1. Give me the distance between the Cα centres of the stretch 137-163 and the stretch 61-90, rounded to whole Å.
2. Among the lysines in the stretch 198-355, how many pairs, 8 or more places apart or on different chains, have alpha carbons under 30 Å apart?
3. Taking the Cα centre of the chain as the origin, how large is its charge dipole in debye, to the nearest 20, when only Lys and Arg (+1) and Asp and Glu (-1) carry charge on their Cβ atoms?
4. What is the stretch 198-355 by shape, rounded, prolate or oblate, if you read a ≥ b ≥ c off the alpha carbon gyration tensor as root eigenvalues and call it rounded for a/c under 1.5, prolate for a/b larger than b/c, and oblate otherwise?
5. In the neighborhood of Y374, defined by Cβ-to-Cβ distances under 11 Å, what is the net charge if each Lys or Arg adds +1 and each Asp or Glu adds -1?
6. Rounding to the nearest 10 and keeping the result within 0 to 90°, find how far the Cα-based axis of helix 78-88 lies from the longest principal axis of the chain.
7. Can you give me the orientation-averaged projected area of the convex hull built on the Cα atoms of the stretch 3-126, in nm²?
8. Once the dipole of the chain is set up with Lys and Arg at +1 and Asp and Glu at -1 on Cβ about the Cα centre, which of T93, I83, P199 lies farthest towards its positive end?
Amino acid sequence: MMNTLTAKDFLTIDDFDIEDRTILVRVDLNSPMDPEGGILDDMRINSHIPTLRDLENAKVVLLAHQSRPGKNDFSTMEAHARIMSGHLDRKVTYIDDIFGTYARSSISAMENGDVILLENVRFYSEESLKRPVSEQQGTHMVRQLAPLFDIFLNDAFAVSHRSQLSIVGFTGLLPCGAGRLMEREITALDKSLKGTECPCIFVLGGAKADDSIKVAENVLSSGGADRVLVTGVVANVMLAASGVDIGEPNMKFIESQGYLGQIDKAKQVLNRFEGKIGLPRDAALNDKGNRVNVSIEEVGSRNLPINDIGLETIVAYSGEIENAKTVVLNGPAGVSEIDGFEIGTFEIIKAAANAEYSIAGGGHITAEVRNMGYEDKFSHISTGGGACIDYLAGDALPGIEALKVAAKKYLDTE
Ligand code: 3PG
């Protein structure tokens, strides 16, 4: 699939003298949230604790995002700081500023052992602009923050597939390396890659249809997967692309997420990889909270939202998954937080647990794996969703590439 990394491809905390240093750490705390702003699953927050423990003699400033502009859970980082304080047993101070005077003066006043969590970095629009790394380094945020720090650590494996400012902007300016979670993810995924055997199936679901279509194309063209099974929103986009009438509520949902343009893209991918992408045969519709199972041909006439894959699809998918040697799960099969619509996700998790190698990635599905007590039945549970599948598909992740470039520069000058 791809060349795995070797120890000195990137630096780690062990390569730095961290005592008394001011360290900027990019973390990924992006978590499922309820409409009241409560965090539904704290796995990602908890996963950075080993890094923070190893930095307790330094001044640590955390930079993170929650969701994307326009989404309901695009929120401040206040709740994340509270939960992190509980896990760390030390105060994590939330600062409602990213790089303004308040943030900068708070950083300058820090003492060893202090931890600050800055505001949602995606509140700043330049964060999400796609630009080459060299340009990211000249932006306002980087110019304002970089002089305050001695070291930059990227511990945010889960967002390292994005060439965003906070991921790649500091790497050319500050000595930089990987945090403990980043190290753990790379080691575990590399180990899985070495053991990967065919047939390999990727099961793609969740809400990020654009990412999933790209991954389906990547893994099928690189030979990283023999087959892709789709569920969730990407399944609806692919069904629409293959000419199925998925009904007005489901088309409206696709439109509201900005995915109408993905239908044409999905058509091309389906044509190019004919027979390699499994689509649902039936669906579970939500009729005032009740699960109604209908065939795919019937969906359009019922005018109800699709909230899960149907029973026939569950049986067919489970059969394929159980017989695979390697299974990668990304994203839930349906709206698993609604009672009755978690069945598809549960059954797919159960089937994947029977495969020889099984990897689950992404916030929602890994939360379900843990709720079911199935952690030990998986070869690896990644904090990354898109990042995990991109890595397994052999894609170079900009965040990791930037660490490699920085390590080479550092080692060459030693
Ligand atoms: C994730 O949840 O996969 C990461 O936090 C990245 O989020 P994004 O897909 O909104 O960039």
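The values are calculated or read from the model by the stated rules, or taken from the named source; none is laboratory data. Computed from a predicted structure; not experimentally measured. Every residue, glycine among them, receives a Cβ derived from its backbone with ideal geometry; neighbour counts consider all protein chains shown. These accessible areas exclude ligands, DNA and RNA; they are computed on the full protein's heavy atoms, side chains included. Shrake-Rupley method; radii C 1.70, N 1.55, O 1.52, S 1.80 Å.
1. 17 Å
2. So the count works out to 25.
3. For this selection, approximately 660 debye.
4. Values: a/c = 1.84, a/b = 1.19, b/c = 1.55.
In terms of gyration-tensor shape, oblate.
5. Details: positive: K350, R370, K377; negative: E368, E375, D376.
The answer is 0.
6. Tilt relative to the chain: about 70 degrees.
7. That works out to 9.1 nm², a quarter of the Cα hull's surface.
8. In the chain, that residue is P199.
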